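The next block holds one structure in the form of structure tokens; read it before the comments.
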Amino acid sequence: MKITRIRLFRQFQPFRDGPYTCSGNRTALGFDSAIVALDTDKGITGWGEMAPLGSFYSEAFSAGARVGIEELAPVLIGQDPTQSARIAALLDLHMMGQPYVKAALDMACWDLKGRAAGQPLCETLGGRFGEGVTLYRSISQEAPEAMAKRAQKYLKEGYRRLQVKVGGDPIIDIERFQAVRAVVPSDVVLFCDANGGWTLQQARRFLLGVGNADFSLEQPCYSYAECRELRTQCRQPMVLDESITSLEALLQAIHDGVADGVTVKISRVGGIGKARLIRDVAVASRLQVTVEDTGGAEIDTAAMIHMSLSTPEHLRTHTVDFHNWVSLGHGDGIPPVKDGILYPPTGPGLGITVREAELGKPIFETAA
């Protein structure tokens, strides 16, 4: 199989629940998604998607992804997309760093690999653990009472795991957490995610204020060194997210004993192949693992489901249904969420049937 044509589309996907705000009052109105289609000489098309949450959440931005894809796409013309390790090496050879630029291209190759084999991506990645993946829902930063109402709304929709966005004034953040905790049953799992927004002093004040409350603390400070320092004073499980940028970063966290769990974001590390390697090392080290991404709709959500399903259940934390966060999508195949569980598409590869007409004309195209 050879890649004969690559097309790039742009789609803005507005959030259904309005602006999404995290620490530092950083706000996004939706995902600005880059979607790629890789056509082959066998008549099979593979799809990939990369959508950063604004330009503030990760070391990625939408315009950079699009320009970078345009630069890298010609390199893949004539290549066999099923040779995933070779494709990853080729992308790294022709562009230093910039993993987010390569993520959608890598994903589309893995989609083609699964489609060519006639099997779902989770099986291509090594096996299916269970039938569905537990979901969490993120509660964007607002006044404490508004966040409590949002939590109740998500409970009615079936979510049993909630992520409370903190990372601002620790006193208000304590109120945010306590307001949510007060309105949800004790069996609802809570995460407090600062997205690296606190200083060490602020994180310590928050931990003193919540005492022995039951929750997991996710990426309290921006730097790994600060999180490592805080680890010795944190009674709650600590999850690293923004700090997990590579296999080397994970190995350092394992060596230092900083993390009880990690969040692996597909686009942050450069695609499905590299995300799988990091996930597998985390699993081998008996860390809890969340596989997700920085945003997107059906294509990206399908990739997260398959990667999550190929993670052993006893070490799999949860994932997120980004396609249900937005009011505009582009694909069919993901079954409806049932009782807070997300199930995978049944077709080969990602299993998504893309509604190409809704994407409009490609903003870039290259062919043999």
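Say whether the condition of being out of contact with any Lys or Arg (no Cβ under 9 Å at 6 or more places or on another chain), assigned to a loop (DSSP other than H, G, I, E, B), modelled with pLDDT under 95 and within 19 Å of ILE299 (Cα to Cα) is met by at least one residue in the range 57-71.
Step one: filter the range 57-71 for residues out of contact with any Lys or Arg (no Cβ under 9 Å at 6 or more places or on another chain), giving 61, 63-65, 67, 70-71.
From what's left, assigned to a loop (DSSP other than H, G, I, E, B): 61.
Still in the running and modelled with pLDDT under 95: 61.
Applying the additional criterion that residues be within 19 Å of ILE299 (Cα to Cα) yields 61.
Yes, the range 57-71 contains a residue that is out of contact with any Lys or Arg (no Cβ under 9 Å at 6 or more places or on another chain), assigned to a loop (DSSP other than H, G, I, E, B), modelled with pLDDT under 95 and within 19 Å of ILE299 (Cα to Cα).
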Which of (1) buried (at least 22 other Cβ atoms within 10 Å of the Cβ); (2) over 20 Å from the mean Cα position of the chain (by Cα); (3) among the charged types (D, E, K, R); (4) in the same structural domain as ASP321 (by TED's automatic domain parsing) does LYS113 not meet, given it meets every other one? (4)
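Quick grid of which residues meet (1) touching an Asp or Glu at 6+ places or on another chain (Cβ under 6 Å); (2) at pLDDT 95 or above; (3) surrounded by 20 or more Cβ atoms within 10 Å (Cβ to Cβ); (4) closer than 20 Å to SER308 by Cβ:
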{"site": "GLN201", "(1), (2), (3), (4)": "no, yes, no, no"}
{"site": "CYS227", "(1), (2), (3), (4)": "no, yes, yes, no"}
{"site": "GLN233", "(1), (2), (3), (4)": "no, no, no, no"}
{"site": "PRO237", "(1), (2), (3), (4)": "yes, yes, no, yes"}
{"site": "GLU248", "(1), (2), (3), (4)": "no, yes, no, no"}
{"site": "ILE254", "(1), (2), (3), (4)": "no, yes, no, no"}
{"site": "ALA259", "(1), (2), (3), (4)": "no, yes, yes, yes"}
{"site": "VAL262", "(1), (2), (3), (4)": "no, yes, yes, yes"}
{"site": "ARG268", "(1), (2), (3), (4)": "no, yes, yes, yes"}
Checking ALA60, ALA34 in turn, the sole residue that is in contact with a Phe, Trp or Tyr (Cβ under 6 Å, 6 or more places away or on another chain), buried (at least 20 other Cβ atoms within 10 Å of the Cβ) and closer than 20 Å to ASP92 by Cα turns out to be ALA60
Close pairs from the range 355-368: first farther than 14 Å from SER33 by Cβ, partner among the aliphatic types (A, V, I, L, M) and in a helix (DSSP H, G or I), Cβ under 7 Å, at least 6 apart: THR366/ALA73
Flagged in the range 24-54 as over 15 Å from the mean Cα position of the chain (by Cα) and at pLDDT below 85, in numbering order, are GLY24, ASN25, ARG26, THR27, ALA28
Report, by residue number, each residue of the range 287-309 that is out of contact with any Asp or Glu (no Cβ under 7 Å at 6 or more places or on another chain), part of a helix (DSSP H, G or I) and of a type in the set (Ser, Thr, Tyr). SER308
If we ask which residues in the range 141-196 are out of contact with any His (no Cβ under 7 Å at 6 or more places or on another chain) and under 24 Å from SER243 (Cβ atoms), their number turns out to be 22
Matching residues in the range 266-316 (farther than 22 Å from ARG115 by Cβ and within 11 Å of the chain's Cα centre (by Cα)) number 6
Across the range 24-56, what is the number of residues that are in a loop (DSSP other than H, G, I, E, B) and more than 24 Å from PRO81 (Cα to Cα)? 6
THR21 fails exactly one of (1) part of a helix (DSSP H, G or I); (2) more than 16 Å from the chain's Cα centre (by Cα); (3) among the hydroxyl-bearing types (Ser, Thr, Tyr), namely (1)
Just a yes or no: is a residue in the range 164-176 crowded, with 17+ Cβ neighbours inside 10 Å and without any contact (Cβ under 8 Å) to a residue 24 or more places away in the chain? no
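Please go through the range 24-57 and pick out each residue that is of a type in the set (Phe, Trp, Tyr) and touching a Gly at 6+ places or on another chain (Cβ under 7 Å). Break it down stepwise before answering.
Looking only at the range 24-57, we keep the residues that are of a type in the set (Phe, Trp, Tyr), and these are 31, 47, 56-57.
The one that is of a type in the set (Phe, Trp, Tyr) and touching a Gly at 6+ places or on another chain (Cβ under 7 Å): PHE31.
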Residue in the range 343-356 that is assigned to a helix (DSSP H, G or I) and more than 16 Å from the chain's Cα centre (by Cα) present: yes
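The values are calculated or read from the model by the stated rules, or taken from the named source; none is laboratory data. This structure is a prediction, so every number in the text was calculated from the model and none was measured. Ideal geometry is used to build each Cβ from the backbone, glycine not excepted, and the neighbour counts take in all protein chains shown.
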